[in-house]
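Below is one structure, written out as structure tokens; comments come after it.
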There are 2 protein chains.
Amino acid sequence: MTGPITTTSHKPLPQQAGRCCGLVAGEVAFAGSGPGDPDLLTLKVARALQEADVILFDRLVSAEIMALAGPQAQLEDVGKEGFGPQVSQEEICARMVAHARTGKKVLRLKSGDPTVFGRLDEELTACEAAGIGYQIMPGITAASAAVASIGQSLTQRGRNASVRFLTGHDMKGFADHDWAALARPGEVAAIYMGKKSARFVQGRLIMHGADRATPVTLVENASRADQRVIETTLDRLPTDLAAANLTGPALTFLGLAPRASAQALSDLKMELA
Amino acid sequence: MTGPITTTSHKPLPQQAGRCCGLVAGEVAFAGSGPGDPDLLTLKVARALQEADVILFDRLVSAEIMALAGPQAQLEDVGKEGFGPQVSQEEICARMVAHARTGKKVLRLKSGDPTVFGRLDEELTACEAAGIGYQIMPGITAASAAVASIGQSLTQRGRNASVRFLTGHDMKGFADHDWAALARPGEVAAIYMGKKSARFVQGRLIMHGADRATPVTLVENASRADQRVIETTLDRLPTDLAAANLTGPALTFLGLAPRASAQALSDLKMELA
């Protein structure tokens, strides 16, 4: 290669997020539904819901969002969960490809943003192998909605110049320098699917010098009517998490407490435990 | 504190991202416009644009998005740029508060997501000091739209269990363990406003053992009609960046190359330099 390749978009690419038309017959659109509140759908994805012939959707896509599908749409719950699909990944890929081959406009709807812990690549590979065109439509990721609800930023001058998105499933593979970086004062991270790994994360961070008083906030069911916010510290994380008995998807923010004014405006604070 | 504080949302909080009503007279809504394509607006922010009495918007909010403002809206370009506001931060805060005090529905519109490098906190503090209520409406951050356009995920099983968002402005403060973590094979990071720091970042990463062949992709004007994608490597980053002569906002993805099929579908590849 003698120089950089530049892709211009005078002709929009089928898979470009930006300037694309709607859905294409015989192709697949991978789209993010956001974290649950239908108002957090993008205009593009809202339109795709109305246009699609077939919608393959994950367990965490809310019923209120699925209610926006067009009357012609065939809805298929592929029920993929954090700890493994109910419908196997192979089955999801096979169905997606089969529908596209019959000339359908296929919408593969994932909770949040398909590019963030969405296992998107396996499904793109299936499209490629079958010669099926695709596009990717971004969505609001849960961390973004959750942090807004506690009146905080993911980044802040003088506090943290970077933010990290992690998944609780994969943190066992972390190296020492990852933990050291994460344990530093002021560091902010959003842990997806972190409920099961809370005690492990706490132990590693404290081992790497993190302050036990580091603020930690859990946001369950971000953006949904049943959203709950649990304010705790690194020291109390496993205890408070157990006491809270969270049943929905939860984000764990390391290094962030709810902003005081966001708390003060709530007249529904409760003391747990 | 004897236990975690739980905030339920049976009554929606004014500042909750999720279940809020529209704009409130005498309050400020901080909203993300996404990276430029109006189709990437959320339904919530699209509605806020129609309802607002006053919209204070940043330089990077696209003209196509501002065209969606209601006819009653007073539009104020506060022109904040990456390297410092044209209108001072104090002035922006003062105007925002003054409009809210006259009972207006104030929309403070920021490019991308206000919680990601949006300097949101200073403006929230101004609202608090003035006793003005606020809410935060998330937006699609540029990294999300940009990565979708190159057919990639920010995270991928077996490659990277975490992704980091950084700003080129602040990386001088990075510690050795930050660079070590970032230099590791398979690591993925999105650098916002990274054009000026490209050579510095390259030098530090190579010093910390990063492979010179690490893929790097630059996405200029993500999601806009004039989006450009520059595929390069860590080794060639400063050279190719200079040759590309980027004038718009650009994201730098460390550790990601455009997916082959995303490239192959383009019939407009060009060789630069």
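Side notes on the structure shown:
- Where helices (runs of 4 or more DSSP H) fall wholly inside segment B:42-137, the ranges with 3 or more residues that are surrounded by 19 or more Cβ atoms within 10 Å (Cβ to Cβ) are B:43-51, B:89-101, B:120-130.
- Lone unmet requirement of (1) over 16 Å from A:F174 (Cβ atoms); (2) more than 9 Å from chain A (Cβ to nearest Cβ); (3) aliphatic (A, V, I, L, M) for B:V188: (1)
- The listed residues are A:V229, A:V219, A:V201, and the only one of them that is facing chain B (nearest Cβ under 7 Å) and at pLDDT 90 or above turns out to be A:V229.
- Selected residue (criterion: farthest from A:H177 (Cα to Cα)) from residues of segment B:185-225 that are of a type in the set (D, E, K, R) and either crowded, with 17+ Cβ neighbours inside 10 Å or in contact with a strand residue (DSSP E or B) (Cβ under 8 Å, 6 or more places away or on another chain) (or both): B:R224
- Qualifying residue in segment A:99-109 (condition: farther than 29 Å from B:G139 by Cα, among the polar types (S, T, N, Q) and at pLDDT 95 or above): yes
- Residue ID - nearest to A:I150 (Cα to Cα), chosen from residues in segment A:239-260 that are open to solvent by 20 Å² or more (accessible area, probe 1.4 Å), outside any loop (DSSP other than H, G, I, E, B) and of a type in the set (G, A, S): A:A260
- Boolean, A:A161 is in contact with a strand residue (DSSP E or B) (Cβ under 8 Å, 6 or more places away or on another chain), facing another protein chain (nearest Cβ under 7 Å), open to solvent by 10 Å² or more (accessible area, probe 1.4 Å) and not acidic (D, E): yes
- Every pair of residues 6+ apart whose Cβ atoms lie under 8 Å, when the first sits in segment B:116-130 and is without any contact (Cβ under 8 Å) to a residue 40 or more places away in the chain while the second is open to solvent by less than 10 Å² (accessible area, probe 1.4 Å) and not in a helix (DSSP H, G or I): B:D121/A:S153
- Residues located in segment B:145-171, provided they are within 20 Å of the chain's Cα centre (by Cα) and without any contact (Cβ under 8 Å) to a residue 60 or more places away in the chain: B:A148, B:S153, B:L154, B:T155, B:S162, B:V163, B:R164, B:F165, B:L166, B:T167, B:D170, B:M171
- The single residue among B:L256, B:L265, B:L237 that is touching a Leu at 6+ places or on another chain (Cβ under 9 Å), modelled with pLDDT of 95 or more and facing chain A (nearest Cβ under 10 Å) turns out to be B:L237.
- Of all residues in segment A:41-48, one or more are under 28 Å from B:N160 (Cβ atoms), basic (K, R) and at pLDDT 95 or above.
The values are calculated or read from the model by the stated rules, or taken from the named source; none is laboratory data. Note that the coordinates shown come from a computational prediction; the quantities given were computed from them, not determined experimentally. Note that we place each Cβ from the backbone using ideal geometry, even for glycine, and neighbour counts take in every protein chain shown. For accessibility, only protein heavy atoms count, side chains too; no ligands or nucleic acids. Shrake-Rupley method; radii C 1.70, N 1.55, O 1.52, S 1.80 Å.
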